[in-house]
Amino acid sequence: MRGKLVVGNWKMHGGLAANAALLGALMAGWQPAAGRTLAVCVPFPYLAQAQSALAGSPIAWGAQDVSEHGAGAYTGEVSAAMLLEFGCRYAIVGHSERRQYYGDTDGIVAAKAAAALAAGLTPVACVGETLAEREAGATEAVVLRQLDAVLARVGREAVKMVIAYEPVWAIGTGRTASPDEAQAVHALLRTRLAGAGASDVPVLYGGSVKADNAAALFAMADIDGGLIGGASLKAAEFLAIARA
Ligand code: PEP
């Protein structure tokens, strides 16, 4: 039986004082429940703060990206080994903002997932179609192409991953996929994962998840929780999503 995982993606938001307040409120309000995992993925400079605030708590933390390289002359990059030194459990890879603005191709995303896995991190690998792709009837082809690139690269290690289906048109727009729309894509991804021997991998939904729509989404058979952007910056809202 798969549990529920809710991961916050702070994106490029935060500051020492605001983070302290948010992390404190999350720790005060989060009552661990069987089969429920809560995590926050924070900007790199705040990993030490997250580690010192959350160590020993039931809330995990991680990063929003990771280098595909182990070490070397890669200015501005952060390796999986570095993330592990700060206690990270997760690293998001292939977020649509990375794909759109920073040139993360399917191949780079797959290499980042492999680097994370090799170091012992859990990659949260994101897939999702743009609005134009959905309207062209290409949703299935796009998400399977993105997933297949990762599966081909990581092989049997796929069982240690998390997948996030994030329709690009739903991220930060206030427009969310309906539970049935999301479930249809999740079922497709699950079938592909099963073919790779990884049918129990958590498949999260992301895209304008809020406290008032989380329960309906998370009730779907193949939705195992959420990757939460904007709503993860408000403790009460994020906790309500995590309990949904
Ligand atoms: C995200 O950043 O992954 C995301 C889903 O953002 P939002 O919840 O704000 O749509």
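A short reminder: the numbers here are calculations on the coordinates, not readings from a lab. None of the values given here were measured: they were computed from a predicted structure. Virtual Cβ from ideal backbone geometry, glycine too; neighbours counted across all protein chains shown.
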Margin query: What is the ratio of the Cα radius of gyration of the chain to 2.2 N^0.38 Å, with N the residue count, to two decimals?
Written below: 0.93
Check: Expressed in nm to one decimal, what extension gain is obtained for the pair SER52 and ALA152 from 0.36 nm per residue of sequence separation less their Cα-Cα distance?
Finding: 32.4 nm
Next item on the list: Quick one: which residues, 5 or more positions from TRP61 or on another chain, have an amide H under 5 Å from its amide H? H modelled 1.01 Å from N in the peptide plane, none for Pro or chain starts.
Entry: VAL40, ARG89, TYR90
Checklist line | Hz values of 3J(HN,Hα) by residue in the stretch 220-227 - Karplus curve (6.51, -1.76, 1.60), Gly and Pro given as x | finding: 6, 4, 10, 9, 9, x, x, 10
Note to self: Could you work out [θ]222 nm for the chain from helices alone, using -39500 (n - 2.57) per DSSP H run of at least four and dividing by all its residues? Round to the nearest 500 deg cm²/dmol.
What the structure shows: -12500 deg cm²/dmol
Check: How much net charge surrounds ALA184 when only other residues with a Cβ under 10 Å from its Cβ are counted (Lys, Arg +1; Asp, Glu -1)?
Finding: -4
Checklist line | Spatially close lysines, pair count over the chain: Cα under 16 Å, gap of eight or more or interchain | finding: 5
Check: Along the charge dipole of the stretch 1-128, Cβ charges K/R +1 and D/E -1, which of GLY8, GLN49, THR37 sits furthest on the positive end?
Finding: THR37
Notebook entry, point to check: Taking a point 7 angstrom from the Cα of ARG2 along the C-beta vector, which residues in the stretch 189-209 have backbone N less than 12 Å away?
Noted result: 189-195, 198-205
Note to self: Need one word for the stretch 173-244: rounded, prolate or oblate. Basis is the Cα gyration tensor (sqrt eigenvalues a ≥ b ≥ c); a/c below 1.5 gives rounded, then a/b vs b/c decides.
What the structure shows: prolate
Item checked: Cβ charges +1 (Lys, Arg) and -1 (Asp, Glu), total dipole of the chain, debye -> 480
Next item on the list: Tell me the chymotrypsin sites (Phe, Trp or Tyr not before Pro) within the stretch 53-114 that lie in a loop according to DSSP and have at most 15 other beta-carbon atoms within 10 Å.
Entry: TYR74, TYR102
Next item on the list: Please give, to one decimal in nm, the separation of the simple spin-label points placed at MET12 and THR191, each 7 Å out from Cα toward the Cβ.
Entry: 3.9
Note to self: Whole-Hz ³J(HN,Hα) for each residue in the stretch 159-176, computed from phi via Karplus 6.51 cos²θ - 1.76 cosθ + 1.60 with θ = phi - 60°, x for glycine and proline: what do you get?
What the structure shows: 5, 9, 9, 10, 10, 10, 8, 10, x, 4, 5, 9, 7, x, 9, x, 9, 10
Margin query: Can you give me the long-range amide H partners of LYS4? Hydrogens built in the peptide plane at 1.01 Å from N, cutoff under 5 Å, separation of 5 or more residues or another chain.
Written below: ARG36, THR37
